[in-house]
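Working notes, structure below.
Readers should treat all values here as calculations from the given coordinates under stated rules, not as data from a laboratory. Quantities reported herein were computed from a predicted structural model and do not represent experimental measurements. Positions of Cβ are generated from backbone atoms using ideal geometry, with glycine treated the same way; all protein chains shown enter the neighbour counts.
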Amino acid sequence: MAAFVLPHADRSVPRAATKAGDFSRDRRGRVRAMPPILHYGFRPFFFLAALHAGLAIPLWLWAYLGGIQIGGPFGGMHWHAHEMLFGYLGAVIAGFILTAIPNWTGRLPISGMPLLTLVGLWSAGRAACLLSPDPWLAMVVDLAFPTVLAAAIWREVVAGRNWKNAPVAVMISLFGVASATDHPANIGIIDHALGQRLALAVAAMLIALIGGRIVPSFTRNWLVKEGSSSLPKPFGVIDKAALATTVVAVLSWLAFPEAAFVGIAMCGAGILLAIRLIGWRGVATLSEPILLILHVGYGWLAVSLVLLGLAILVPAVPGSAALHALTAGAIGTMTLAVMTRASLGHTGRAIVADRPVIAAYLLVSGGAVLRVAAPFADQWYAAMIGLGGMLWSGGFLLFAIRYAPVLWGRRAAR
């Protein structure tokens, strides 16, 4: 699982960057003529992901609460789901993977014009899904981004002979398949729920796997630095059981979303993930918000799987509450945690959460709580989703504003 980790900083120089005669790139493999925003994948895609989350939610709330039909082939509710999964999350995944791949393969990062092309394809997909009246045109334009991204990742894995990270390329490919599955639903061929469940299953497995590596690892490093002798539990039987149960549960959910055995498996997976999380000593990180938020994000994953299981087993538990525990809670919190930490580390800055970043954490977490609680609020439902959505989107707008100088500016001097 170590292969899935995105390092804090580009502390190693890709081997290909040291080849003689490579005058177009500096020692870190970046294109000299391009602005810093195009040096590494995390820079444009983390910024665009946060901006998209910060603007798309208010647009959706305005349309939903005002009874206004948003243009495009999806319609309001399905557009909201598609854009949060394949727009926001797709950008975060792209930024993460494009930055990690050079450290795994030893090859140069995808930067400069190739990176700008990927950014253009992602942006075109967002515009098509919002504005195009033709569902086939929207599908072709939108699927160009995940298709090219998956091809680029496979090329890097094959060229670098880095077969141990082939599962990452498989995950990226499955995420693209999920988007491709969501589009035919616009013309009634299949149901939107299938593509969305596939995307959510991929996201849940990535959080369980990657989060399960970085959360205890970063916590251990920080506790050692603080002089603590009580460290996170090493990987053991509980960890293996939690991961295996999670994989079985989410894959079964794809095929049998209403089966009782899936509900039981989901609850079991969530409980095992929670037990696993307790062993990582998150309580000891209360004084370090940029580390604590990783524990919160993983905790949301455990809660969301239990709620998804209960929604199957207990009719009184709304499915929308469970889904938003996974999306607004687990995905929103964990991606924000990774973006804040990785952006600082990869630009040579101290990995510390200042007040605006802490405020962003609180806004996103508070917004997720309100959105999950909204289905239980009866006549206050509309007010709670409105306030929850504004808090959640406000947290990402705050990230975009605070991190604009970090992502658009040059690497800090060491």
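Per-structure values
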{"item": "Kirkwood-Stokes translational diffusion coefficient of region 197-287, alpha-carbon pairs, 37 °C, 0.692 mPa s, µm²/s", "result": "233 µm²/s"}
{"item": "Segments 123-132, 373-382, 310-319 sorted - mean Cβ within 10 Å per residue, highest first", "result": "123-132, 310-319, 373-382"}
{"item": "Whole-Å distance, taken between Cα centres, linking region 59-136 and region 150-183", "result": "17 Å"}
{"item": "The chain: most fluctuating residue of Leu89, Leu121, Leu59 per GNM, C-alpha cutoff 10 Å", "result": "Leu59"}
{"item": "Radius ratio Rg over Rh of region 102-200, counting only Cα atoms, Kirkwood formula for Rh", "result": "1.03"}
{"item": "Relative contact order %, region 229-396, counting alpha carbon pairs below 8 Å whose residues are six or more apart", "result": "19 percent"}
{"item": "Under 29 Å between alpha carbons - lysine pairs in the chain that sit 8 or more apart or on different chains", "result": "5"}
{"item": "The chain: Cα Rg divided by the 2.2 N^0.38 Å rule of thumb", "result": "0.95"}
{"item": "Point-to-point label distance, Ile358-Leu313, nm (Cα→Cβ direction, 7 Å offset)", "result": "3.9 nm"}
{"item": "Ranking of Ile293, Ile189, Ile37 by count of other Cβ atoms within 10 Å, fewest first", "result": "Ile189, Ile37, Ile293"}
{"item": "Which of Asp191, Asp182 has the fewest Cβ neighbours within 10 Å, and the rest in rising order", "result": "Asp191, Asp182"}
{"item": "Cα centroid separation - region 328-363 against region 252-276, whole Å", "result": "29 Å"}
